[in-house]
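*Asks:* Dumping the structure here so I can ask a few things about it.
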Amino acid sequence: MSKIDKVSSDLTALCDRIENIQTRVGNLEKFTGNLGNSMGEIKKSRYQTSLKGDVEETVKEIRELKLANKQLQGQITDLQARSMRDNLLFFGLAEYRGSGKENCVNLINEFCEAELNIVGIKDNIERAHRIGRFQYNKTRPIVVKFSNFRVRESVRTSGYKLKNKQYNKREQFPKEIVEKTKCLY
């Protein structure tokens, strides 16, 4: 019987130790669970901070790129305006509709002699051509590039002679400038 009592007491002690270990394991599981949550929150906040920094940096770069793009657009518009400085657009000149190509230089020369009383303009024209897509019901304007600004100005200032006529002429400007001046009018 004493052996049974000893086994029984050993079993009870063993059960107490198992319960103690189970309690400690339960406490450890709770602690590691809380620790895991804390670590997850720390990682999450670090990740969010990292993402926030990346987003702020990207927004800053976008602002800088927009500013640079705006400056480049301004420079392009300026270069276009300078390249068109010696150009005039002529409107209302009948378009040749037969076979073969139309000689716009001769057409402008004849127009200047007949309507503007300017002789020998042909030698001061570098290029002349129609702009836009051909349409049967419309007459396209002619863009003329003069050899220098003074010749262009003499033709432009003689525009008062075209008053009350079907013809018109004006300076050529880039699309952006034309749109801004339309808004001002």
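*Asks:* With 10 angstrom as the radius, rank Asp16, Asp86 by how many other C-beta atoms surround their C-beta, starting from the fewest.
*Replies:* Asp16, Asp86
*Asks:* Dipole of the range 69-185, Cα-centred, from +1 at each Lys and Arg C-beta and -1 at each Asp and Glu C-beta, to the nearest 20 debye?
*Replies:* Dipole magnitude for the range 69-185 comes out near 340 debye.
*Asks:* Right, here's the next one. Take the alpha carbon gyration tensor of the range 85-184, find the square roots of its eigenvalues, order them as a ≥ b ≥ c, and report rounded if a/c is under 1.5; if not, report prolate when a/b exceeds b/c, else oblate.
*Replies:* Rounded, since a/c falls under 1.5.
*Asks:* Using only DSSP helix segments of four residues or longer, with each worth -39500 (n - 2.57), what per-residue ellipticity at 222 nm results for the chain after dividing by its residue count and rounding to 500?
*Replies:* Taking each H run of at least 4 residues, the total per residue is -21000 deg cm²/dmol.
*Asks:* Just one of [x] 19.1; [y] 24.5; [z] 17.1 is Kirkwood radius over Cα pairs in Å calculated from these coordinates, so which is it?
*Replies:* [y]
*Asks:* Are there any chymotrypsin sites (Phe, Trp or Tyr not before Pro) in the range 69-142 that are in a DSSP loop and have at most 13 other Cβ atoms within 10 Å? List them by number.
*Replies:* Sparse-neighbourhood loop chymotrypsin sites (Phe, Trp or Tyr not before Pro): Tyr96, Phe134, Tyr136.
*Asks:* Under a point-charge model restricted to the Cβ atoms of Lys and Arg (+1) and Asp and Glu (-1), what is the dipole moment magnitude of the range 125-176 relative to its Cα centre, in debye to the nearest 20?
*Replies:* 200
*Asks:* Further, regarding this structure: I'd like the trypsin sites (Lys or Arg not before Pro) in the range 59-145 restricted to DSSP loop residues with at most 12 other Cβ atoms within 10 Å, sorted by number.
*Replies:* Arg97, Lys101, Arg133, Lys138
Since every read-out is calculated from the coordinates, none of them should be taken as a lab result. Treat the numbers as computed from the prediction; the structure is a model and nothing was measured. Here the Cβ is made from the backbone with ideal geometry for all residues, glycine too, and neighbour counts use every protein chain on show.
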